[in-house]
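K.L.:
Let me begin by handing over the structure; questions about it come next.
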Amino acid sequence: MIEVNGLVKKFDDVTAVDNISFKVREGESFGFLGPNGAGKTTTIKMLTTLLPPTKGTAKVHGYDIIKQSDKVRECIGIIFQEPSLDERLTAYDNLYFHAALYRVPRKEIKPKIDKALSMVELKKVKNKVVNTFSGGMKRRLEIARGFLHMPKVLFLDEPTLGLDPQTRRVIWEYINGLKKDFGVTLFLTTHYMEEAEESDRVGIIHNGKIISIDSPDNMKKRIGKDTIILFDRDGNERAVRALGFDVTKTGDKLHLIVDNSEDALRKILKGDVSIDGLAIKRPTLEDVFIELTGTAIADEAGSPMELMKQAVRIKRRR
Ligand SMILES: Nc1ncnc2c1ncn2[C@@H]1O[C@H](COP(=O)(O)OP(=O)(O)OP(=O)(O)O)[C@@H](O)[C@H]1O
Ligand SMILES: [Mg+2]
């Protein structure tokens, strides 16, 4: 459904997207995971014909994004990172305007709008002006609009950025419903790990380059060690070391890095270890990201900790 070959985008001296290639299958959800400035939005803009590539080619539903841009536009829907509704219009009129732009036949417009609005549960407020909506309602309306003309591929750029966890979950139910009920192919970007984890396949992008593409499960398996966490009591450290484990200590906890947690547990139970609390931590996509890039994604996304570190650095320089 999407085929990308050596795509490059340069802005003056910045290479925002640096020679990326990948494919997305029909009906698949593909998550583009990367920190701020990685090149996610730039890639989406090229694939949706809003920005010409500096080099390389791509096809969407078999159509070339440069030579057949009109055809590409007909079969895609876009949900932008930046809000793009007309706040002064009602929910209904926002969708009507979109339907007219996409030349949805006049007779079909009203039923299509009604269906899209009920899908995101906004039918009751369809005649309200959008600037009275909450952030979550606006996002739902944007999803309804992106899907109104029944695209084959839906591009979603950070669809849940800035929403609370509960609203994020609701939005994902709608998005996954589109995939399940209509077989729409999803191409989405996010820097929430747990959202990327829901995708069929994930591409990790860093400094404009794709550094890994695979299913979340396979990615985790590849870096693949589990950690067993035990309390450091009654000579536990000595006991687990005697069993041959690789141990690191933080506070009153022992971290055992193991290939297979089931085998390791059996071994621990046989040893002279006192177990009054135990946790098994499986690798997460965050671990994969750190392993591949040497940095945590949250650091670069402007976490309070990172902002504080930056402030200290600036102060020192002065
Ligand atoms: N129109 C532009 N002109 C100049 N530089 C740009 C332009 N658009 C993007 N860039 C640069 O290209 C790089 C990639 O930006 P992009 O918006 O694609 O990142 P992103 O992965 O979407 O980040 P975020 O998670 O913050 O949305 C950045 O260094 C950015 O500053
Ligand atoms: Mg972006």
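The values are calculated or read from the model by the stated rules, or taken from the named source; none is laboratory data. On a predicted model such as this, the values are computed, not experimentally measured, just so you know. No Cβ is skipped: glycine too gets one built from the backbone with ideal geometry, and neighbour counts run over all protein chains shown.
K.L.:
Quick one: which of ARG139, ARG145 is crowded, with 23+ Cβ neighbours inside 10 Å, within 16 Å of ligand 2 (Cβ to nearest atom) and in a helix (DSSP H, G or I)?
P.N.:
ARG139
K.L.:
Are there any pairs, at least 6 apart or on different chains, whose C-beta atoms fall under 8 Å, with the first in the range 115-139 and among the hydrophobic types (A, V, I, L, M, F, W, C) and the second in a strand (DSSP E or B), and if so, which?
P.N.:
Taking only residues 6 or more apart or on different chains, the pairs are VAL129/THR90; VAL130/THR90.
K.L.:
Right, here's the next one. Run LYS152 past the list (1) free of Cβ contacts under 8 Å to residues at least 60 places away in the same chain; (2) surrounded by 15 or more Cβ atoms within 10 Å (Cβ to Cβ); (3) among the basic types (Lys, Arg); (4) within 29 Å of LYS209 (Cα to Cα) and report the number of the one that doesn't hold.
P.N.:
(1)
K.L.:
Further question: Does ALA38 satisfy being within 16 Å of ligand 2 (Cβ to nearest atom), in a loop (DSSP other than H, G, I, E, B) and touching a residue at least 60 places away in the same chain (Cβ under 8 Å)?
P.N.:
yes
K.L.:
Right, next: If I filter the range 160-199 down to residues being in contact with a strand residue (DSSP E or B) (Cβ under 7 Å, 6 or more places away or on another chain) and in a loop (DSSP other than H, G, I, E, B), which single residue comes out as modelled with the lowest pLDDT?
P.N.:
Within the range 160-199, the match that is modelled with the lowest pLDDT is HIS191.
K.L.:
What residue, of ARG201, ARG145, is away from ligand 1 (no atom under 16 Å from the Cβ) and over 17 Å from LEU122 (Cβ atoms)?
P.N.:
ARG201
Residue-wise test of (1) at pLDDT 95 or above; (2) under 30 Å from SER118 (Cβ atoms); (3) in the same structural domain as LEU161 (by TED's automatic domain parsing).
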site	(1), (2), (3)
VAL17	yes, no, yes
PHE30	yes, yes, yes
ILE65	yes, no, yes
GLU82	no, yes, yes
ARG88	yes, yes, yes
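K.L.:
I need every pair where a residue in the range 169-194 that is at positive phi has its Cβ under 7 Å from the Cβ of a residue that is not in a helix (DSSP H, G or I), sequence separation at least 6 or different chains.
P.N.:
That search, which allows pairs on different chains as well, returns GLY183/GLY27.
K.L.:
Here's a follow-up. Quick one: in the range 27-41, which of the residues that are surrounded by fewer than 23 Cβ atoms within 10 Å (Cβ to Cβ) and within 8 Å of ligand 1 (Cβ to nearest atom) is nearest to THR293 (Cα to Cα)?
P.N.:
In this case the residue turns out to be PRO35.
K.L.:
What are the residues in the range 201-224 that are surrounded by 17 or more Cβ atoms within 10 Å (Cβ to Cβ) and either hydrophobic (A, V, I, L, M, F, W, C) or within 14 Å of ASP287 (Cβ to Cβ) (or both), if any? Steps first, answer last, please.
P.N.:
Kept after step one, since they are surrounded by 17 or more Cβ atoms within 10 Å (Cβ to Cβ), are these residues of the range 201-224: 201-206, 208, 210, 212-213, 216, 219-220.
Those that are surrounded by 17 or more Cβ atoms within 10 Å (Cβ to Cβ) and either hydrophobic (A, V, I, L, M, F, W, C) or within 14 Å of ASP287 (Cβ to Cβ) (or both): VAL202, ILE204, ILE205, ILE210, SER212, ILE213, PRO216, MET219, LYS220.
K.L.:
Please go through the range 200-228 and give me each residue that is assigned to a strand (DSSP E or B) and more than 15 Å from the chain's Cα centre (by Cα), ordered by number.
P.N.:
Once the filter is applied, which keeps residues that are assigned to a strand (DSSP E or B) and more than 15 Å from the chain's Cα centre (by Cα), the range 200-228 yields LYS209, ILE211, ASP226, THR227, ILE228.
K.L.:
Could you identify the single residue in VAL184, VAL202 that is out of contact with any Asp or Glu (no Cβ under 9 Å at 6 or more places or on another chain) and away from ligand 2 (no atom under 16 Å from the Cβ)?
P.N.:
Of VAL184, VAL202, the one residue that is out of contact with any Asp or Glu (no Cβ under 9 Å at 6 or more places or on another chain) and away from ligand 2 (no atom under 16 Å from the Cβ) is VAL184.
K.L.:
Pick out the one residue from ILE65, ILE76 that is touching a residue at least 12 places away in the same chain (Cβ under 8 Å) and either more than 20 Å from TYR174 (Cα to Cα) or aromatic (Phe, Trp, Tyr) (or both).
P.N.:
ILE65
K.L.:
Sticking with this structure for a sec: Is it the case that the range 40-52 has a residue that's modelled with pLDDT of 95 or more and under 18 Å from LEU148 (Cα atoms)?
P.N.:
Yes, some residue in the range 40-52 is modelled with pLDDT of 95 or more and under 18 Å from LEU148 (Cα atoms).
K.L.:
Separate question: Looking only at the range 248-273, which residues are part of a loop (DSSP other than H, G, I, E, B), of a type outside the set (Val, Ile, Thr) and in contact with a strand residue (DSSP E or B) (Cβ under 8 Å, 6 or more places away or on another chain)?
P.N.:
Taking the range 248-273 as the starting set, the residues that turn out to be part of a loop (DSSP other than H, G, I, E, B) are 251-252, 259-260, 271-273.
Pick out the ones that are also of a type outside the set (Val, Ile, Thr) and you get 251-252, 259-260, 271-272.
Passing the criteria: ASP252, ASP259, ASN260.
K.L.:
So if I check each of GLY235, GLY162, which one is free of Cβ contacts under 8 Å to residues at least 60 places away in the same chain, farther than 30 Å from LYS23 by Cβ and within 16 Å of ligand 1 (Cβ to nearest atom)?
P.N.:
Values: GLY235 fails: within 16 Å of ligand 1 (Cβ to nearest atom).
GLY162 is the lone residue from the list that is free of Cβ contacts under 8 Å to residues at least 60 places away in the same chain, farther than 30 Å from LYS23 by Cβ and within 16 Å of ligand 1 (Cβ to nearest atom).
K.L.:
Right, here's the next one. Name the residues in the range 3-35 that are assigned to a loop (DSSP other than H, G, I, E, B) and within 16 Å of ligand 2 (Cβ to nearest atom), would you?
P.N.:
Taking the range 3-35 as the starting set, the residues that turn out to be assigned to a loop (DSSP other than H, G, I, E, B) are 12-13, 25-28, 34-35.
GLY34, PRO35, listed by residue number.
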